[in-house]
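For reference, the structure discussed in these notes is given below.
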Amino acid sequence: METFAGPKRFVNNPEYDKNRFTAVNTLQNLIACGRIDPPLVELLELFARVPHCYTIQSCFGHFVHEREPDEHTLARLAPYQGIVHTLHYRIAYIAFVLEKSMNGSVLCRDLRTLASRNPKYIQFGSAGWFWEQSVNTYQIQVALEREKLRDCFWVIYEEALLLENVRDLLIRKLAVIAGNHIRLAGN
């Protein structure tokens, strides 16, 4: 499935406040039910405090292979060095709806800048089917540049290890961005 395209331009979204309220409540329910990948919970809760965005979907990124066949596995890759050679990678991503405002534009710029520092492994853009759900939807994702249009693909172990490291670093950097935007909004 193709999930990624270049970022679209902001458009008016008169339903933003109502949709944000619903999305934040839905997120809290999903967390309570254990339906959010545990390593993303804290980060998504931070972004829920940023009034000029809300998240609509996310995935921690899963490396599925013969020793870890669960498609939701959170297992680290290091124990499988020399044992597993090919893995099916389900991409790490977060999809945001951004408010058409000065602060929303600043967040958009911050996400775009973060991705531009490592475009071989991190991309920022829009996905058509997210945009159809809610305008001003953007996603940041961890994928090999050659596979950036897909939501899952096969990788060799060495590529998977690079993706795992980039994903972990991205999550830490996104937490910093969320904190900056919480302060920007005065929350």
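General remarks:
- By the beta-carbon count within 10 Å of each Cβ, the least crowded to most crowded order of 177, 91, fewest first, is 177, 91.
- GNM top mover of 136, 19, 29 - the chain, alpha-carbon springs below 10 Å: 29
- Ranking 113, 131, 83 by Cα position along the charge dipole of the range 16-185, where only Lys, Arg, Asp and Glu carry charges on their C-beta atoms, puts 113 farthest toward the positive end.
- Part-to-part distance (alpha-carbon centres) for the range 144-187 and the range 83-117, which is given in Å: 6 Å
- Cα-centre dipole for the chain with unit charges at Cβ (Lys and Arg positive, Asp and Glu negative), debye to 20: 700 debye
- Along principal axes, Cα extents of the range 104-187, largest first, whole Å: 45, 29, 17
- Cross-link partners of residue 173 among lysines (Cα-Cα below 19 Å; sequence separation of 8 or more within a chain): 120
- From phi via Karplus (6.51, -1.76, 1.60), per-residue ³J(HN,Hα) for the range 131-148 in Hz, x at Gly/Pro: 4, 5, 5, 7, 5, 6, 9, 9, 10, 10, 9, 10, 8, 5, 3, 5, 10, 4
- The chain: relative contact order in percent, alpha carbon pairs under 8 Å with at least 6 residues between: 30 percent
- Unit charges at the beta carbon, dipole of the range 16-185: most positive-side option, 58, 47, 103: 103
Quick note: the coordinates plus some simple rules give every number you see, no bench work behind them. Computed from a prediction, not measured in an experiment: that's the story for all the values here. All Cβ positions, glycine included, derive from the backbone under ideal geometry; neighbour counts span all protein chains shown.
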